[in-house]
Amino acid sequence: MSSKILLLEDDLLLCETIADLLEDDGYEVKQCKNGQEVLDLTYKERFDLYLLDINVPIINGLDLLRELRNSNDKTSTIFLTSHKEKEMLSLGFQNGADDYIKKPFDSHELLLRIKAVLKRYQGDENECFGVLCNDKKRKRIHFNKKELDLSQKEYLLLALLMKNANEVVTKEMIVDELWNTNEDVSDGAIRVYINRLKNFLEDGMIENIRGVGYRLVLQP
């Protein structure tokens with residue numbers, strides 16, 4: 001299965017050129033032209049790599065990555081930038097970037113940097129719990145050998161339940177895993193994500209422990 005890359009670039013011609021280059025090299029690419037589109041898309045889909053321009057509308061690349069990292073999104077990230085100031089590049093790494101490449105860049109160099117960043121995470125092994133397997137490198141979960149189409153928070157929640165299979169996962173544990181400490185989270189918000197996971201799994205696999213939390217029931 002090819003790696004999925006989210007590309008943020010507001011220069012539409014350059015965006016198409018980069019997307020064509022990546023797709024020719026076997027990657028699946030989704031294109032965005034502003035930071036808000038990225039946030040909306042990462043809520044719905046999971047990616048193996050973010051390729052982000054810095055100077056883009058609505059939310060710039062630096063603020064965008066900081067917001068993603070604050071929401072516990074650890075997806076590998078490379079900045080595409082025309083900035084040469086050391087302070088700007090330093091801020092990019094402080095916000096959670098894995099690498100950067102300066103514009104204009106050589107196509108071969110871009111592909112090499114992408115492969116290098118993705119390769120760093122290939123050492124992680126899959127963790128399987130009964131019929132569920134967590135591919136930690138790609139941040140994908142398979143149920144009965146079929147990949148589930150999970151959002152970022154759905155993945156984090158199911159991974160937490162799997163890690164604590166057949167044990168109670170409290171609401172406090174879920175809030176700590178899925179949200180920032182500054183965010184005010186209701187029981188209803190947690191139920192929404194639990195109900196979405198129930199739709200992916202078999203009846204009875206996720207039990208409600210009234211007033212406490214939830215339990216994922218898995219056979220050894």
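The values are calculated or read from the model by the stated rules, or taken from the named source; none is laboratory data. Predicted, not measured: the structure shown is a model, and the values here were computed from it. Backbone-built Cβ (ideal geometry, glycine too); neighbour counts: all protein chains shown.
Counting only strands (runs of 3 or more DSSP E) wholly contained in the range 43-107, the ones carrying 2 or more residues that are touching a residue at least 60 places away in the same chain (Cβ under 8 Å) occupy 49-53. Taking the range 174-216 as the range and being touching a strand residue (DSSP E or B) at 6+ places or on another chain (Cβ under 7 Å) and over 12 Å from residue 158 (Cα atoms) as the test, the residues that pass are 207, 208, 209, 212, 213.
Within the range 150-208, the residues that satisfy the criterion of being without any contact (Cβ under 8 Å) to a residue 24 or more places away in the chain, of a type in the set (A, V, I, L, M) and over 20 Å from residue 45 (Cα atoms) are 175, 185, 205. Keeping to the range 51-97, report how many residues are within 20 Å of residue 30 (Cα to Cα) and modelled with pLDDT under 85. Qualifying residue count for the region: 3.
Residues to consider are 139, 163; find the one that is of a type in the set (Lys, Arg) and touching a Lys or Arg at 6+ places or on another chain (Cβ under 9 Å).
Values: 163 fails: touching a Lys or Arg at 6+ places or on another chain (Cβ under 9 Å).
After ruling out the rest, the residue left standing is 139.
If you filter the range 150-172 down to residues that are closer than 22 Å to residue 75 by Cα and either polar (S, T, N, Q) or surrounded by fewer than 17 Cβ atoms within 10 Å (Cβ to Cβ) (or both), you find that the one that is farthest from the chain's Cα centre (by Cα) is 163.
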